[in-house]
Amino acid sequence: MYFKEPPTLLDIAIQCILNHEPLAIHALQEIPGELFVPLFTAAFKARHEKILSAMVKSWPFFCLHIGPLRMQRAQRKLWKVMVESLQLLPTENPAFRSPKLRILDLTQRPGCKTKCPEITTTCKPCVRCCAYSERSLMKVESQCSSSSSESEGQSPKTTMELLVSLSIDRAFRENEFFGLLLSKVEQSLGALHLCCRNLRIKNLSECGSALSHLDLKCVCHLAVVEASLMGVVSLLELAVNLDSLSLSKITCRSFNGRAFRNFLSQLRGMDHLKELSLSSFCLTDHLEHVLRVLSADLDSLQLPFCELSYSDFKFLSQCPQVNHLTLLDISNNSMYWEDYEPFYCLLENLSGTLQHLAINHCLLTDASLTVLAPALSRCSQLRLFSFSSNPITMPMLRRILEYLTPVTQLKYVIYPIPVHCYGRWPVRGSLDAQKLADVNAQLKIMLHEAERDDMCWITYTG
Ligand SMILES: [Zn+2]
Ligand SMILES: [Zn+2]
């Protein structure tokens, strides 16, 4: 029988408050500050828009991060409510207790706390303060305090930051939420800094006017889908503080042209770059040029559909920039070579750090995996290994499983359906469901015998 933990006194009190909306809003004037975070969390989860609005208006702390709360699609309406409730001018609503909120963070960060501790060891009052824009709270206030020390009696301007993740495409200009953000910025007469940390742009050539409202220096994670390399370069000239860059479906006319040279020089300047993803970006025999200019701290490298050649792999295995990767995705690059030594060396180099490896759809055969399996078994940090849609046989699949069961950190394996399950590999219509069920059953028995029931082996039939 399943016993649910009884609710705490605090849970009961919060539920009581939430069930009486007017009472809750009134109580915000009196309840102690410590109750704000649990009450906010409960009101957010239960989507009490009016209470949330009142809480933003009277938030007694410097910052408010929705990061730890899981955002469902329907909950986006709550963002709107919260942005609308931002008190940009102190006299806007005297009914509420004077708000201290200066940073509203609408970005998703699972590890983040709802508010920062009041006393931090760093000089920043909030871990997510903008450090780059001229319009940031810290820069504007330091300017104000230096100018007010010159002219006594002038109080510093109340500034605020609104941290958001945005996904921009051609229809975005009409997007209601973006319209609201822009009108809030306009209303604030320069007091509100719209700080976009995560930016995804689809169809760059049609997004220029939306981008003109943002300070690209603030962006940490940039993803661009469908653009010319020249367009990407002009974006990177402004987005100079990236931790993560993802480019997909980028057209590059020539590796000898100005656009590619400028692209490399922009990459060279990215000292903080930790994650690079280039997808559907044909780099045959030119991966070296891209990797050479990167900083040595790259954590994550994704190169699906890049038409990588044997010489690209050879370089990858010798490149110091990729020696500490925790994630490598080289799916959808055909690897039907005679010599797998470079790939083997790459896995050896990464054996102490690699946590996620994806080599789906690479035309890897029994012969190639026979070479790679010993190196895979030495990747002691591996947690997820995906090698689906490769033409291998059942004996090889069993062998790989034997190699991988001693890797104790490894919990998820996405395996290829062995070729004997198909009438004609890899035609989906020719797949024999019974044969696949037998494969699943055999793997399950093997995992049980190896005492690795904690490991999950799954496959895709789609
Ligand atoms: Zn904070
Ligand atoms: Zn900013």
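The values are calculated or read from the model by the stated rules, or taken from the named source; none is laboratory data. Fair warning: this is a prediction, and the values are worked out from it, not measured in the lab. Glycine also receives a Cβ, built like all others from the backbone with ideal geometry; neighbour counts cover every protein chain displayed. Note: accessible area is taken over every heavy atom of the protein model, side chains too, but ligands, DNA and RNA are not part of it. Shrake-Rupley method; radii C 1.70, N 1.55, O 1.52, S 1.80 Å.
With each label modelled as a point 7 angstrom along the Cα→C-beta vector, the Ser212-Glu338 pair spans 5.9 nm. The charge dipole of the chain, taken about its Cα centre with unit charges on the Cβ of Lys, Arg, Asp and Glu (plus for the first two, minus for the last two), comes to roughly 820 debye. Calculated FRET efficiency, Lys139 to Asp243, Cβ-Cβ distance, R0 = 22 Å: about 0.60 to the nearest 0.05. What's the local net charge at Met230, with K and R +1, D and E -1, over the other residues with C-beta under 10 Å away? That sum, taken over residues with Cβ under 10 Å, equals +2.
Helix content alone sets the calculated 222 nm mean residue ellipticity of the chain: runs of n ≥ 4 DSSP H residues at -39500 (n - 2.57) each, divided across all residues, give -10000 deg cm²/dmol. How many angstrom lie between the Cα centre of segment 232-277 and the Cα centre of segment 6-76? Distance between centres, Cα-based: 43 Å. Multiplying each eigenvalue of the alpha-carbon gyration tensor of segment 9-110 by 5 and taking the square root yields semi-axes of 18, 18, 12 Å, largest first, rounded to whole angstroms. The local environment of Leu283, defined by Cβ-Cβ distances under 11 Å, has a net charge of -4 under the rule Lys, Arg +1 and Asp, Glu -1.
Length gained on full extension, Glu307 to Gln29, computed as 0.36 nm times the residue gap minus the Cα-Cα distance: 93.9 nm.
In whole percent, how big is the carbon plus sulfur part of the accessible area of segment 278-430, probe 1.4 Å, protein atoms only? Looking at segment 278-430 in its full context, I get 51 percent from C and S. Hull volume per residue, based on the alpha-carbon atoms of the chain and their convex hull, is 205 Å³. If a spin label sat at a point 7 angstrom from the Cα of Lys435 along the line to its beta carbon, the backbone N atoms of segment 353-368 nearer than 17 Å would be those of 366. If R0 is taken as 35 Å, the Cβ-Cβ distance between Val427 and Ser228 corresponds to a FRET efficiency of 0.45.
Once you've got the Cα coordinates, tell me which of Lys50/Lys100; Lys113/Lys411; Lys217/Lys274; Lys115/Lys274; Lys100/Lys124 are over 23 Å apart.
Pairs exceeding the cut-off: Lys113/Lys411; Lys115/Lys274.
Between the residues Phe62, Val83, Leu52, the greatest Cα displacement towards the positive end of the dipole of segment 9-110, with unit charges on the Cβ of Lys, Arg, Asp and Glu, is found for Val83.
I need the calculated FRET efficiency for the pair Arg76 and Ala191, taking r as the beta carbon distance and R₀ as 30 Å, to the nearest 0.05. Rounded to the nearest 0.05, the efficiency is 0.75.
May I ask you to give the solvent-accessible area per residue for the chain, in square angstrom, as obtained with a 1.4 angstrom probe?
50 Å²
The phi torsions of segment 26-35, fed into the Karplus equation with coefficients 6.51, -1.76 and 1.60 and a -60° offset, translate into couplings of 5, 5, 4, 6, 10, 5, x, x, 4, 7 Hz, rounded to whole numbers, with Gly and Pro shown as x. Maximal additional length on extending the Arg398-Glu118 stretch stands at 95.2 nm, based on 0.36 nm per residue less the C-alpha distance.
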